[in-house]
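Coordinate-derived values only; no laboratory data. This structure is a prediction, so every number in the text was calculated from the model and none was measured. Ideal geometry is used to build each Cβ from the backbone, glycine not excepted, and the neighbour counts take in all protein chains shown.
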Amino acid sequence: MLESIPTPCYVLEQDKLNYNLEILSRVQNLSGAKILLALKGYAFWRRFEKLREILSGSTASGLYEARLGFEEIGGFKQGKEVCVFSPAYKEVDSLLPFATHIIFNSFHQLARFAPLVKEHNKNAEFSISIGLRINPLYSEVETELYNPCARFSRLGITPDSFEKGLQKYGSEILQNIEGLHFHTHCEQDSTALAHTLPYVEKHFGAYFKGLKWLNFGGGHHITRYDYDENLLIKLIQDFKAHHHLEVFLEPGEAVGWQVGFLIASVVDIVENEKQIAILDVSASAHMPDCLEMPYRPSVYKVSKGAIEADKGEQSARYCYRFGAHTCLAGDVIGDFSFDSKLEIGDRVVFCDMLHYTIVKNTTFNGVELPSLGVIERDENGMENFKILKTFDFSDYKERN
Ligand SMILES: *Cc1c(COP(=O)(O)O)cnc(C)c1O
């Protein structure tokens, strides 16, 4: 089958997604937490049927993701959550038809937008719940790029800023909120959550009174084979029993973990000290984490029906650097080696390429693409600005 798939192609293996969903279903049932899909990490909505049955909703970082979650997983009418967090909102009006939860990242934005949300709630079928994102000053994430508690982080209100916010706006402002949110994990086991919760309680426990929910964010690597699921379940049960709050988890990666691959073809092989295979995929455009992390994906080659796994950088007889067919010098996926020769026309399979890849094909987090415009002179020699092209939700949705 691998040789008949047109390349390049991201391929979902439905059985593997179902397997992850079974695990998440069990955790959800036993822990009593609601599990939402973080669309930032996995938004392959063309096969959301089973996911929609099992998960409790979606987590979005802005309008486009919120609308996608609402359309493809469901909104309040279907009993699903659409939980929105953004580091800053230019406006919230456009979110109101879709969101069930809106989480602000500062007291300033809370003060500015809470009246609009409350006004909406007066006449709406469904009341949107407001929350604040906090920074508990504890994270075990080692890569700075992915650490929301790194020094100078803009993500979440620190205990200090929380105090200052209350002084500036008055403690009555907390009457607007029903929940708190922290997101401090990335590919973590439940032990990291066990270490984090005491910081959340220590710095923010005083504000739990009167709240309805606490969102434990994403980064829980629940579907990894060695993840301690029972500890997670116990932590949530204990937390719920102690604080009487509803708990949300919003994993992205754990949903799309090892559910499919990206398949490429070898277009040419050139030589410059090393053998360099030029493929019809790009790290920069299709597997950006290979450059950002950076990390080295698991790779198979498929030659004339025979599948062979990569043996390591220089471990086997035939070594190749895999590069993209782009003109960016650094668009290199890594060095790989095999016992048999790689030929032009062979296939290369990059494993585990469904999460954090498709979503990053230029509209990461559902951010709108910048418009294209021009400043040019008219007949009178006056400079004018003109918009040539704008992009919208469908440009985002259709890429996933
Ligand atoms: C990225 C992100 C998630 C999902 O994280 P994963 O590591 O993919 O599980 C959840 N919530 C927020 C706020 C995020 O920024």
Pairing the Cα long axis of helix 63-72 with the longest principal axis of the chain, what angle in degrees results, from 0 to 90 and rounded to the nearest 10?
80
With angles folded into 0 to 90 degrees, how steeply does helix 107-123 sit against the dominant principal axis of the chain? Use alpha carbons for both and round to 10.
80
Of V302, V270, V11, the one that fluctuates the most in a GNM where the chain has Cα springs shorter than 10 Å
V270
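Write down Rg/Rh for the chain, rounded to two decimals, with Rg from the C-alpha atoms and Rh from the Kirkwood relation over Cα pairs. If you can, show how the numbers build up before the last one.
Details: Rg = 23.5 Å, Rh = 23.0 Å.
Using only Cα positions, Rg/Rh for the chain is 1.02.
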For K397, give me every one of the aspartates and glutamates with a C-alpha distance below 14 angstrom, ignoring sequence neighbours fewer than eight places off in its own chain.
E65, E71, E72, E368
Would you work out if the stretch 243-391 is rounded, prolate or oblate? Take a ≥ b ≥ c from the square roots of the eigenvalues of the alpha-carbon gyration tensor; rounded if a/c is under 1.5, else prolate when a/b is larger than b/c, oblate otherwise.
oblate
With a cut-off of at most 12 other beta carbons within 10 Å, and DSSP calling the residue loop, which trypsin sites (Lys or Arg not before Pro) in the stretch 22-93 qualify? Please list them.
K90
Distance between Cα centroids, the stretch 286-341 to the stretch 370-390: provide it in whole Å.
44
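Any idea what the relative contact order of the chain is, in percent, if you count C-alpha pairs under 8 Å spaced at least 6 apart? Write out the running numbers ahead of the final one.
Values: 830 pairs, mean separation 71.5, N = 400.
Contact order relative to length: 18 percent.
So if I place +1 on the C-beta of Lys and Arg and -1 on the C-beta of Asp and Glu, and nothing else carries charge, what would the dipole magnitude of the chain be about its Cα centre? I want it in debye, nearest 20.
Details: 41 positive and 54 negative charges, 202 e Å.
Dipole magnitude for the chain comes out near 980 debye.
I need the shape label for the stretch 56-136. Rule: rounded when a/c is under 1.5, else prolate if a/b > b/c, else oblate, with a, b, c from the alpha carbon gyration tensor. Mind showing how you got there, number by number?
Working: a/c = 1.79, a/b = 1.28, b/c = 1.39.
Since a/c reaches 1.5 but b/c is at least a/b, the shape of the stretch 56-136 is classed as oblate.
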Net charge around E140, counting only other residues with Cβ within less than 12 Å of its Cβ (Lys, Arg = +1; Asp, Glu = -1)?
-3
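Taking square-rooted eigenvalues a ≥ b ≥ c of the alpha carbon gyration tensor, is the stretch 45-180 rounded, prolate or oblate, where a/c under 1.5 means rounded and, failing that, a/b exceeding b/c means prolate? Write down the numbers at each step before the final one.
Values: a/c = 2.35, a/b = 1.24, b/c = 1.89.
Oblate, since a/c reaches 1.5 and b/c is not below a/b.
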Can you give the longest stretch of the chain with no exposed loop site, where a site means chymotrypsin sites (Phe, Trp or Tyr not before Pro) in a DSSP loop (not H, G, I, E or B) with at most 11 other C-beta atoms within 10 Å?
1-151
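What relative contact order, as a whole-number percentage, does the stretch 211-334 give when Cα pairs under 8 Å and 6 or more residues apart are counted? Don't skip to the answer; put the middle values down first.
Values: 152 pairs, mean separation 26.2, N = 124.
Computed value for the stretch 211-334: 21 percent relative contact order.
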Trypsin sites (Lys or Arg not before Pro) within the stretch 226-307: DSSP coil, no more than 13 neighbouring Cβ in 10 Å
K304
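Relative contact order of the stretch 1-102, please, whole-number percent, based on alpha carbon pairs below 8 angstrom and at least 6 residues apart.
Numbers: 125 pairs, mean separation 20.3, N = 102.
Over the stretch 1-102, the number comes to 20 percent.
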What's the longest piece of the chain with no exposed GluC sites (Glu not before Pro), counting a site as exposed if DSSP puts it in a loop and it has at most 14 other beta carbons within 10 Å?
143-272
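Of K304/K341; K360/K386; K77/K212; K77/K118; K164/K234, which pairs sit farther than 23 Å apart, going by alpha carbon to alpha carbon? Present the calculation step by step, with values, prior to reporting the outcome.
On the way: K304/K341 11 Å; K360/K386 29 Å; K77/K212 20 Å; K77/K118 19 Å; K164/K234 34 Å.
Pairs exceeding 23 Å: K360/K386; K164/K234.
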Which of the trypsin sites (Lys or Arg not before Pro) across the stretch 141-215 are loop residues per DSSP, with 14 or fewer other Cβ within 10 Å?
R151, R154, K209, K212
Nearest 5 percent is fine: what portion of the DSSP beta bridges confined to the chain is antiparallel?
55
per DSSP, antiparallel bridges as share of beta bridges in the stretch 195-298, % nearest 5, sits at 65
